[in-house]
Structures are given as C-alpha cells and as structure tokens.
Amino acid sequence: MKRNKGKVNVSEKDFVFEFKAGLQQCVLKVPLQFPVQENLNDLHGRFILLHKIPCFVENDLKTCLSNFIERETNQDYDRVAEQALQSLMNSEVDISELTNAWAKTYSETTLEHSHPEEPSWDEDFADVYHELIHSPASDTLLNLEHNYFVSISELISERDMEIKKLQERQAAAMDTVMQELGKTFSDQDVNAVASQHFDAQQVLESKWATELKHVTGIQKQEYQEWVIKLHQDLKNPNNSTINEEIKVQTNQLTESPESGSCLFEEQRQLEESFTIHLGAQLKTMHNLRLVRSDVLELCKHRQHGSSGVKLRRLQTALSLYSSSLCGLVLLVDNRVNSYSGIKRDFSTVSMECTDFHFPRLEEQLDIVQQVVLYARAQQCSKLREQPELSRTSGAEDKNKNVDKKNGNILPGEFYITRHSNLSEVHVVFHLCVDDNVRSGNITARDPAIMGLRNILKVCCTHDITTITIPLLLVHDMSEEMTIPWCLKRAELVFKCVKGFMMEMASWDGGISRTVQFIVPQSISEEMFYQLSNMLPQIFRVSSTLTLTSKR
C-alpha cells in the first residue's frame, strides 16, 4: 500500500471480469486505484468504449464492477480501522486529544449542538410593529407617522422655496449680464457666471439633502425606540397609564377633516373592476382592475384628506409584514439612479415620508448598483474564458456592448426596492425599457413583455398578491400614441398578461390575485371606456364588480 501526498491511503488493485463471446473465453483485467474517485456509470462506460465489450455483457460487467468496488472499499476501511485500534491499544495515540477532536467534530456537524442565530434588530422591530399595528395602538402609530410626514413635508416646502428664490435671483443676474454682453462683459464672463450659479445650486441642494437625511435619521430612531417602549408598556399588566397615553397621542395627532377638504382635491379618477376565472381544470378566481390615474398617485400621502386616505394607509400598514403585499411596476431607463425622469419624481415622493422599516431609496439603489457591477463583471469574465463563443456571429459585439454599459441594466431587466412609506405600495419593480416601447411594432417577445412575465413570477414566489402594471407600457402620452396605437398596445398586453396568469397556477398552486392595469391620467374618457370594453372580451370575464368615478 502506497501513501499519497495527502492523508488518504491509495492502493492499486486489479479488477478481473471473465465472460464468453461465442466459443471464446475472454478475460478483462484492469488496474483500479482505491479509493475510487470516478462515478460508477462513467467508469463502466469507459471500460465498454476502450475495451470494446459486447453489449450483451454490459449489465453483468456493471454488476461485477459495483460488487468489486464495494467489497474492496469495505476491506480498506476495515484495514484502516484495525490499524487505528491497534495504535490505540499500543498507546500510540493520545486518547484525550482524540476524544476532544471527536467532540468538536460532532458538535460542529450536529444541528442540535449548533449555536442559534442571534435575532437582528430589524427582525425584532418587525415582530413588535406587526403586533402593535394589529392592536388598539394602531391608530396611535398611524397618527405619529402622519405627524412625522407633515414635519418632513414642511421641511421640503421650505427647501423648494429657498431653491426657487435662488433660481430667481440667478435668472435676474444672468439677464443683467446678457444685456451687457459685448459691452462690459464677454463670453468668458457669461460662462463664469453660469458656472458660479451652477455651483451655488449644487451647494444648496447638497445642504438640504444632508439636512433631510439627518432629520429622517432622527425620526426613524425616535420612532423605533418609541414603538419598542410602547410594546414593553403594553406587556406590563400593572401599567394603568398606557391607555391614557394612547388616547392623548391619538387626540393630539388626529387630522382635521374640515381643513383638509378645502386644501386638497383629487383629480378625476376612473376605475372599473372585474372578476375572472382562469385555469384548465382547476380554475382560480382573480380580480382585474382598470384605473386611469397618475402612477405616482399610488405612492403619495396626503397632508390633509378624507377618512378614505387614512383607511388606505391603515391597510398598507396592516399588510406590511404579511403574505398579501402590493407591488407596482415603474418603467425606467437603463441607469440605476434617481436623477432624471420619473425616477426623480418617485425619489421625491419617497423622500416626503420617512421609511421606518427599510433603508432609504438611495441606499437601496447603491446596493443594486453594486450587484449590477458584479454581475456584469462575471458575465464579461465568462465571455473572455470562452473564445470559441466570441468567434460566433454577434457574440463579439455583445461582449463590447456589455463592456460599454458595465454599470447599466438591459431592457427587460428589473431591480426591486422595498418601501413602508408609500400610500398603497410595498414593493416597486423598476423595469428597464427603451424607446422601442413607444413604437407600434413590439411583439410578445419584446424585452418589456418578458420582463412583465418575470415580475409576475417574482410576485408568485414572494407573496405579492396585488400588482399594478402600466397597460400601455408608458407613463405619459405623446402625439404618436393615437387611438389605434393604444388599442393595439392594450390588446397585446392584455393577451400576454392573461397567458402569464394562466402560468401562475404552476408557479404558486393557484392563489387568487389582483392585477391592476393603470393608464395615464391624460388619456380621454372615451379611450378609457374602449379599453374597459376590450378587457372582458379578452379575459372572458365572468362578472363585473364595480365602475366608479372618483373626484
């Protein structure tokens, strides 16, 4: 027996297999190294290929080979065990050291002896909040959150006013400079003034961003500490002042409906709801809703409003840590940031109210950016390791494309952010789309459509039972989006989503869900009713629930 470089003893033994081929007696003799590292099926196939074994003895060869390997392996184990016992009897091994090694190995590999994971602060706070929001203290929590929201809104209003005044002063100064251009000031002076104005705006915005971050951090810490303290007080049966504290907090923070009714008026919102049954054998009931509204209206809180606004906020809070989450699809460009377009508007909305449960939007986007960079780096390394793929048509261009857009996502890909500070949404799917969605020739294989399918699949695996989808795959209307364009696009999305929903039965076992299709506020009422007539025809609606018009 030879000793290998490692700790495993390696021995070589001859495997002998005798068989008859017609009148000839054949013998196969092959040396094998033990312990055998190869898979039995692979070893068997190699013998047949290299030694041209007849097909009628393949099963016998496999049985004989399996028995030989098992027998010789057990003999090696027995021999090693006998040597270990002999060394122990001859006092060649330290017994205490051996028992300590056995005890350590056993404790590390046995679950009952492993150390339990320490619960994190976020998990503890989530459990406490979930318990309180389903208790009489829920009204107090909501009013306290509303009070913090009003405070942040006032701070944002002050910021916007200061930035507006600065821009007015800069505009007046620039007008004065332009009037003197060619007389007192040159082009270089104009550029210098513009650069100074830009730097001043950047400094002011940075100052207010730091101030908002500081205030929201203080609010989050105070809120979480207050929630923990309230939970501890409620657990104390001898505490007779906690009910009075809840009553006082509620009365102090209740909003005034009289003042709210005259300060805010919702835009006219059209909504129609249906009930459908999908499935081949086992049919599942789903709810469909068609809504005409701005997509960010589902995210905004109101400083003043009717009791319905407060009820929506309560519903969102009650389902925050539940299996009935609400999601929203937001169409974005390929950059992971919040500095342009609807991403900037969404960032402004999410900033108006402190998120007491999840990291700020900017922090979540930073994590997403790091994941995208890592994924792109892995993709590039795999392409470089496979030179034969780079020679195929289009692969080299794809490699260059990935290198150029190393920090961006591709059309059809999406990233997810979590929120507890939005009005009716817990999860936002940021789906990347390109300018192709504004054309009228996209198909069911378009990246945006396939992205919707993947989003619905994520909803099935992560307890998101309500999802809002932009029906036309745009958030705002433009001149080329005529009535035929809208009808064609709506028909495509309706049919694709119907197919995806029928797949849901295999994804989640057939759970009832609500799919809300949203169209831009600028669409006409006539167009809305045409779309609402198309929906039951495509989905074969069994019943109509409601048709509401909100002001």
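The values are calculated or read from the model by the stated rules, or taken from the named source; none is laboratory data. Keep in mind that this is a model prediction, so the values were computed, not measured. Virtual Cβ from ideal backbone geometry, glycine too; neighbours counted across all protein chains shown. All accessible areas refer to the heavy atoms of the entire protein, side chains included, with ligands and DNA or RNA removed. Shrake-Rupley method; radii C 1.70, N 1.55, O 1.52, S 1.80 Å.
Stretch residue 453-residue 158 to full length: gain in nm at 0.36 nm per residue minus the Cα-Cα span?
Stretched fully, the residue 453-residue 158 segment lengthens by 101.9 nm.
How much accessible area does residue 453 have with a 1.4 Å probe, in Å² rounded to the nearest 10?
So the heavy atoms of residue 453 present about 50 Å² to solvent.
For region 297-383, just run the numbers: alpha carbon Rg, then divide by 2.2 N^0.38 Å, N being how many residues it has.
Here the answer is 1.39, to two decimals.
Where the centre of each part is set by its Cα atoms, how far does region 423-442 sit from region 294-372, in angstrom?
After rounding, the separation between the Cα centres reads 15 Å.
I need the GluC sites (Glu not before Pro) found in region 177-224, filtered to DSSP loop residues with at most 15 other beta carbons within 10 Å of theirs.
Loop-located and lightly packed - 180.
State which entries of 310/457; 165/207; 164/300 exceed 25 angstrom in Cα-Cα distance in the structure shown.
310/457
Could you list the chymotrypsin sites (Phe, Trp or Tyr not before Pro) in region 301-379 that lie in coil according to DSSP, counting only those with at most 10 other Cβ atoms within 10 Å of their Cβ?
339
Whole-Hz ³J(HN,Hα) for each residue in region 142-152, computed from phi via Karplus 6.51 cos²θ - 1.76 cosθ + 1.60 with θ = phi - 60°, x for glycine and proline: what do you get?
5, 5, 5, 4, 5, 5, 5, 4, 4, 4, 5
How would region 35-181 be classified by its alpha-carbon gyration tensor: rounded, prolate or oblate, with rounded meaning a/c under 1.5 and the a/b versus b/c comparison settling the rest?
Numbers: a/c = 3.57, a/b = 2.24, b/c = 1.59.
Note, shape of region 35-181 comes out prolate.
For region 36-99, give the percent of accessible area contributed by carbon and sulfur heavy atoms, probe 1.4 Å, rounded to a whole number.
After summing per-atom areas, the C and S share lands at 52 percent.
Got a sec to turn the phi values of region 17-31 into Karplus ³J(HN,Hα) couplings, 6.51 cos²θ - 1.76 cosθ + 1.60 with θ = phi - 60°, whole Hz, x for Gly and Pro?
My calculation for region 17-31 gives 9, 10, 7, 9, 10, x, 8, 8, 9, 10, 10, 9, 10, 10, x Hz in order.
For an R0 of 56 angstrom, estimate the FRET efficiency from the Cβ-Cβ distance between residue 220 and residue 39 and round to the nearest 0.05.
On the way: r = 55 Å, r/R0 = 0.98.
After rounding, the FRET efficiency stands at 0.50.
Sort 102, 208, 507 by accessible area with a 1.4 Å probe, largest first.
On the way: 102 170, 208 15, 507 55 Å².
Descending accessible area places them as 102, 507, 208.
Using a cut-off of under 15 Å, list every residue of region 54-74 whose amide N is near the label point 7 Å from the Cα of residue 9 along the Cα-to-beta-carbon line.
Backbone N within reach: 72-74.
How much of residue 343 can a 1.4 Å solvent probe reach, expressed as accessible area in Å² and rounded to 10?
Probe radius 1.4 Å; accessible area of residue 343 about 10 Å².
Sort 161, 501 by accessible area with a 1.4 Å probe, largest first.
Heavy-atom accessible area, descending, gives 161, 501.
In what order, largest first, do 52, 300, 20 sit by accessible area if the probe radius is 1.4 Å? All intermediate terms of the calculation are to be shown ahead of the outcome.
Numbers: 52 175, 300 65, 20 130 Å².
Putting 52, 300, 20 in descending order of accessible area: 52, 20, 300.
Given the protein chains as shown and a 1.4 Å probe, how many square angstrom of residue 218 are accessible, to the nearest 10?
70
Taking amide H atoms as placed 1.01 Å from N in the peptide plane, list the residues 5 or more away in sequence, or in a different chain, whose amide H sits under 5 Å from that of residue 429.
Here 328, 329, 330 satisfy the definition.
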